Every structure is written in C-alpha cells, then in structure tokens.
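Everything on this sheet refers to the single structure shown next.
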C-alpha cells in the first residue's frame, strides 16, 4: 500500500503546482503581453479623458444618441450575467414590454413590430457593445430630428461604422455603439 500512496501524493503535488500555479501564471503572462492595453481592454480616450471601453456595452439613453442593447447587469462588467428568466416568465415579459413601450415613446414613427428584439432584450452577458445595422437604422429618424441632421447623413454614418462578419463568414454584421456615438458627435 505504501508503494502506491507515496507516488500518488507526489503526482498530486506535481499536478497541483503545474495546473494551479504555473499554467495560470503562463496564461496571465501571455494575456498581458498579447492582449490590447496589457489585458485591460481597448480604451477610447480623448484629451486624456477615458470615454469608454470598446468591448463593454455602455448605457446610452439620451435621444441624441444611438441607444445600446439593454443590460441585465446594469452595464457593470463586474457583475456580468443574463437575467436567467425564460421567455414565458411573466416578470421577463413585463420587462420586455416596458422596454418596448419606452422605445416607442422616444421613437414615435416606429411601430412595435418593426423594433428589433435586440433593442428590448438583454444579451447573455448583459454587456454586449454591438447592435445590428437594423437596430441602429431604426433609431435614425429620432436622432436626425433631435440633432437637426439629414437622415441620409446618419444612414451613411451607420453604413460606415458597420463591421462585416468575421472573414465574411462567421457571425453577422454589427456596429459598436460607443464608436458610432463618438462618430456621431464628430459629424458636422
């Protein structure tokens, strides 16, 4: 029995050191070296002021801006999570209906059946920074009216900021809402 216990203890200690200490440290080091901004994310700055993070969804609720996708986590990256409520849950349905009603009040030219689901439902992480081009285009009339801009200029801006699917194959076209709103502020 002793001949089996000692090697098992040695193997356990070696695996513990390798998998719980050295491997995580190696991955952390690679992340610091290879990831943007040393693993702290892609930060957008202007005049020494942090404007936001391009890979984390942010709350835009002013009528002058394109609205982001709702967040079940309150746009808090430390608490990233979905709501875990199913599509038949009455609380979930009430939340979606409230979001839809709010959207329709601020976008009176839009009918309920035209609103993309992404504008009234939260993503799985609650931090999705992207919208589909349809999600942005449906908001153009409101923004054009509030900012007194031609609708065509805003449609062109949405087209310019649309990112195609990865390698033209994977995923769908998307727009980073923070980058779109920063470009909107710079629009003449």
Margin query: Restricting to DSSP H runs of at least four residues, report the calculated mean residue ellipticity at 222 nm for the chain, -39500 (n - 2.57) per run over all residues, nearest 500 deg cm²/dmol.
Written below: -12500 deg cm²/dmol
Note to self: Which of the three applies to the range 11-112, rounded, prolate or oblate, going by the alpha-carbon gyration tensor with a ≥ b ≥ c and a/c under 1.5 meaning rounded?
What the structure shows: oblate
Checklist line | Ascending count of other beta-carbon atoms within 10 Å, so fewest first, for 145, 152 | finding: 152, 145
Note to self: Could you order the peptides 20-28, 63-71 from most to least packed, using the average number of other C-beta atoms within 10 Å per residue?
What the structure shows: 63-71, 20-28
Next item on the list: Go through (i) 1.41; (ii) 1.35; (iii) 1.06 and flag the label whose value is the computed Cα Rg over 2.2 N^0.38 Å for this structure.
Entry: (i)
Check: For the range 1-75 and the range 94-150, what is the separation of their C-alpha centers, rounded to whole Å?
Finding: 31
Checklist line | Spin-label model distance (nm) - residue 1 vs residue 112, 7 Å beyond Cα toward Cβ | finding: 7.2
Margin query: At a 10 angstrom cut-off on C-beta neighbours, averaged per residue, how do the peptides 5-13, 99-107 rank from highest to lowest?
Written below: 99-107, 5-13
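All of the numbers you see were taken from the coordinates with simple rules; none came from a lab. What you see is a predicted model; the values in this text were computed from it and never measured. Neighbour counts run over all protein chains shown; Cβ positions are idealised from the backbone, glycine included.
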